[in-house]
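A.B. asks: I'd like to ask some things about the structure below.
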Amino acid sequence: MKFSTHHNKSGFSLIEIMVVVVIIAIMATVMVPNFRRATPDQERAKVITSLNELMQGAWQNATSNDKLQKIEFNFDRQAVKLTQAQKMGLTVDDDQKFEPVGENVIISEVKWPEYYRIINFYIEGRDQMRLGSRDTAWFYVVPDGLAQQVVINFIDEKASEDSDIPVKVGLVLNPFYVQFKEFYEFQQP
């Protein structure tokens, strides 16, 4: 019987495995932060989704409480806030007071990013930005669930930093579904 002293060695040594693990760890530390960073399109989609959640709450609150809902864009605070009329029914007058909606809706305020520069804010065909309303603009959802016609045109300055072309966005509110639809160009009322 003859014993072979030559051994076929298959597999990896411990040092080879450790080198591969270190290389993978280095690649992961470089690549993972890039995957986590949201693109401007993803950030814009998140803001529009939140805005539409607020609009859905306004619609539900208007139809269930029979109260006028006011959606106010405050450009200085970069906030969109939902309030409701204190009186029931469709009363729009100078004496009408609005109050917080309380716990009736899931979301009653949305942050409007400071890098969204509003160019036009049309309500019922009138541009509020040209009428001198540069710090606030608001529109209503009436108790039967209909909203005023609203078109918001803005430039996403954060997305524009990544390209030479300004990223123009138009939001059009469907007055029947009370939801904004996004367009990649300015819209007219």
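No lab work stands behind these numbers, since they all come straight from the coordinates. Computed from a predicted structure; not experimentally measured. Note that each Cβ is placed from the backbone with ideal geometry, even for glycine, and that neighbours are counted across all protein chains shown.
A.B. asks: To the nearest Å, what is the center-to-center distance of the range 104-174 and the range 58-86, using C-alpha atoms only?
C.D. replies: Computed from Cα coordinates, the inter-centre distance equals 14 Å.
A.B. asks: Next question, about the same structure. Taking amide H positions as placed in the peptide plane 1.01 Å from N, state which residues far from T136 in sequence (5 or more) or on other chains have amide H under 5 Å from it.
C.D. replies: F75
A.B. asks: Here's a follow-up. Under the 0.36 nm per residue contour assumption, what length would be gained going from the current alpha-carbon distance of S163 and V20 to full extension?
C.D. replies: Taking S163 through V20 to full extension adds about 47.7 nm, to one decimal.
A.B. asks: Comparing K46, K67, K168, which has the greatest mean-square fluctuation in the GNM of the chain with Cα pairs linked when under 10 Å apart?
C.D. replies: Looking only at K46, K67, K168, the biggest GNM fluctuation is shown by K46.
A.B. asks: So, one more: Regarding the chain, what is the average projected area of its C-alpha convex hull, in nm²?
C.D. replies: Mean shadow area of the hull around the Cα atoms is 19.9 nm².
A.B. asks: Starting from 0.36 nm per residue, how many nanometres of slack lie between V47 and I106 once their C-alpha separation is accounted for?
C.D. replies: Stretched out fully, the V47 to I106 stretch lengthens by 19.7 nm.
A.B. asks: So how do S163, S50, S108 line up by other beta-carbon neighbours within 10 Å, fewest first?
C.D. replies: Ascending number of Cβ neighbours within 10 Å: S163, S50, S108.
A.B. asks: In this model, which of K46/K158; K81/K168; K81/K158; K46/K97; K70/K97; K46/K81 are farther than 21 Å apart at the alpha-carbon?
C.D. replies: Going by Cα-Cα distance, K81/K168; K81/K158; K46/K97 fall outside the 21 Å limit.
A.B. asks: Sorting L146, L14 on the 10 Å Cβ count, fewest up front, what's the list?
C.D. replies: Listing L146, L14 from fewest to most nearby Cβ atoms yields L14, L146.
A.B. asks: Could you work out the relative contact order of the range 47-183? I mean the mean sequence separation of Cα pairs under 8 Å and 6+ apart, divided by the number of residues, in percent.
C.D. replies: Relative contact order comes out at 26 percent.
A.B. asks: Just how large is the dipole of the range 46-182 about the Cα centre, in debye to the nearest 20, putting +1 at every Lys and Arg Cβ and -1 at every Asp and Glu Cβ?
C.D. replies: Using Cβ point charges on Lys, Arg, Asp and Glu, the range 46-182 gives about 100 debye.
A.B. asks: If you don't mind, there's one more thing I want to ask. Which distance in nm do the two modelled labels at F186 and D127 give, with both placed 7 Å along the Cα-to-Cβ direction?
C.D. replies: With each label point 7 Å from Cα toward Cβ, the separation is 0.6 nm.
A.B. asks: Turning to a different aspect of this structure: Once the Cα atoms of helix 40-65 and of the chain are each reduced to a long axis, what angle between those two axes, in degrees from 0 to 90 to the nearest 10, is obtained?
C.D. replies: Taking the Cα atoms of the chain, the angle to 40-65 is about 40 degrees.
A.B. asks: Per the helix-only calculation at 222 nm, which mean residue ellipticity applies to the chain, given -39500 (n - 2.57) for every DSSP H run of n ≥ 4 and division by its residues, nearest 500 deg cm²/dmol?
C.D. replies: About -9500 deg cm²/dmol.
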